[in-house]
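Okay, structure first, notes after.
The values are calculated or read from the model by the stated rules, or taken from the named source; none is laboratory data. All of these numbers come straight from a predicted model, not from anything done at the bench. Reconstructed Cβ throughout: ideal geometry from the backbone, glycine too, with neighbour counts over all protein chains shown. Just the protein is used for accessible areas: all its heavy atoms, side chains included, with ligands, DNA and RNA removed. Shrake-Rupley method; radii C 1.70, N 1.55, O 1.52, S 1.80 Å.
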Amino acid sequence: MRDDPREGSRDPRLPSSPGFWRSPLRGPRFTSVLGLVLLVGIPVLFVTGLLSYAAYNPGLSPVNDKTPDKGILGLYLFAWPTHPRWLYRLNQGVHVTLGVTLIPVLLAKLWSVIPRLFAMPPVRSLAHALERLSLLLLVGSGLFEFVTGVLNVQLDYVFPGSFYPLHFYGAWVFLAAFVAHALQKTPVALRNLRRLREEGSDLVPTRPAEPTVSRRGALWFVGSGSLLLFATTAGQSFDGLPRRTALLAPHGGADPGSGPNGFQINKTAAYAGIDAARTSEEAWRLVVTGRTGTVRLSRAQLSALPLHSAALPIACVEGWSTSDQRWRGVRLRDLAALVGYEDDPPDVLVESLQQHGAFRRAALRANQVADPRSLLALQVNGEALSPDHGYPARVIVPAAPGVLNTKWVARMTFGAL
Ligand SMILES: Nc1nc2c(c(=O)[nH]1)N[C@H]1C(S)=C(S)[C@@H](COP(=O)(O)O)O[C@H]1N2
Ligand SMILES: [Mo]
């Protein structure tokens, strides 16, 4: 009988031989500790990821929807609220910071079970084949989610336009494999932690090498790696000194400088191809369309409308966010009223002067338009918007992802969705 996975090859030079894997750190308890950390962390990543997806309003308009073929996976979508104003900031800060922090745990966990990848014979029964297939999906999609997430944050659209579908569908594949794996292994992991002796497990090396570090030391090493990543990432959700500790946050972007407009810039006016000639007082007009027709407003005419202030953050899907900035401008619902929606503001399609790029248009839901803090901002922190923050006018909406806060707005169409 060759039931025992430890039979494998007898030649210790081959990875299929149990004698090949010699680290005395490997064993069920080491694997179980790491597995249980992931058991808690990964569901948080999954839930914050789905919430982040819902916050884009993909069900509202094709303009917002990067995954039109999602079908049943979109069933859970709901109208993203506007309270509390830091909702997306918290959600995305947790998603990105936790994801980065868990990288060492994930890698150590995979390292701890590598011998099983080479176990011989590769398939012992139908059940075993199915188990291995689900593990392949689990490891493959898990690495895929971490890699695509980090690439999007760090390299800013390496695969233009396709990050959202990849990360979104990948997450569902991962979830299915993760649930199957967690159901199978959680009881085993909990038992392993209580067990005093580890003999008999296929993870324990048959010919252990001399230890260079204790198990506990190795766990400290993994934990310190996570702590270091956490400490160099979390700062991007805060202003001032903490942001400078965010060594791992994306760099090389525009320097926001200091003063009222001195906060994080996503895409500069130059990058977005915004021609200064088209934003001048003479050239620029906001075109607002609705039930009763179209209204064109110069910046001076907008400034003559009732202006309101709102303290709101910018929070990007990439995880960085700013503290509240003091925006001042015209309420979106007042603009809706100008074109025939006095007490029932509808959805709105916002379009930028920008000609190319995924984020030049965004649709906002009626609840976002109705919120009195939702503005077409003309000023920030007491000064006119800078070109990089969206001059002549930009949208700012409480609790929404940065991508819905369209800059260099040229046109707003109410009730057309
Ligand atoms: N027209 C336009 N508006 C845009 C973008 C863009 O690329 N083009 N980027 C969006 C994204 S992804 C974010 S996070 C915010 C950032 O705003 P800020 O640069 O003023 O901080 O602007 C949003 N508005
Ligand atoms: Mo963003």
Test result for residue 233, within 30 Å of residue 319 (Cα to Cα), touching a Ser or Thr at 6+ places or on another chain (Cβ under 6 Å) and polar (S, T, N, Q): yes
From 378, 349, residue being of a type in the set (A, V, I, L, M) and under 22 Å from residue 417 (Cβ atoms): 349
Scan of the range 374-393 for residues that are open to solvent by 10 Å² or more (accessible area, probe 1.4 Å) and either of a type outside the set (A, V, I, L, M) or within 12 Å of ligand 1 (Cβ to nearest atom) (or both), ordered by number: 379, 381, 382, 383, 386, 387, 388, 391
Every residue from the range 382-412 that is within 26 Å of residue 87 (Cβ to Cβ) and not in a loop (DSSP other than H, G, I, E, B): 388, 389, 394, 395, 396, 402, 403, 404, 409, 412
Residue that is in contact with a Lys or Arg (Cβ under 6 Å, 6 or more places away or on another chain) and either within 30 Å of residue 204 (Cβ to Cβ) or surrounded by fewer than 19 Cβ atoms within 10 Å (Cβ to Cβ) (or both), where the choices are 34, 73, 90: 34
Residue within the range 48-70 that is more than 30 Å from residue 363 (Cβ to Cβ) and crowded, with 18+ Cβ neighbours inside 10 Å present: no
Residue in the range 286-329 that is nearest to residue 397 (Cα to Cα), counting only those that are part of a loop (DSSP other than H, G, I, E, B) and more than 15 Å from ligand 1 (Cβ to nearest atom): 307
Output for the range 351-365, where each listed residue is more than 9 Å from ligand 1 (Cβ to nearest atom) and surrounded by 20 or more Cβ atoms within 10 Å (Cβ to Cβ): 363, 364, 365
Residue pairs meeting the criteria (Cβ under 9 Å; at least 6 apart or on separate chains; first touching a residue at least 24 places away in the same chain (Cβ under 8 Å) and of a type in the set (D, E, K, R), in the range 177-199; second part of a helix (DSSP H, G or I) and open to solvent by 60 Å² or more (accessible area, probe 1.4 Å)): 195/29; 198/29
Positions within the range 212-256 being under 22 Å from residue 94 (Cα atoms), modelled with pLDDT under 95 and open to solvent by 80 Å² or more (accessible area, probe 1.4 Å), in sequence order: 238, 241, 244, 247, 251
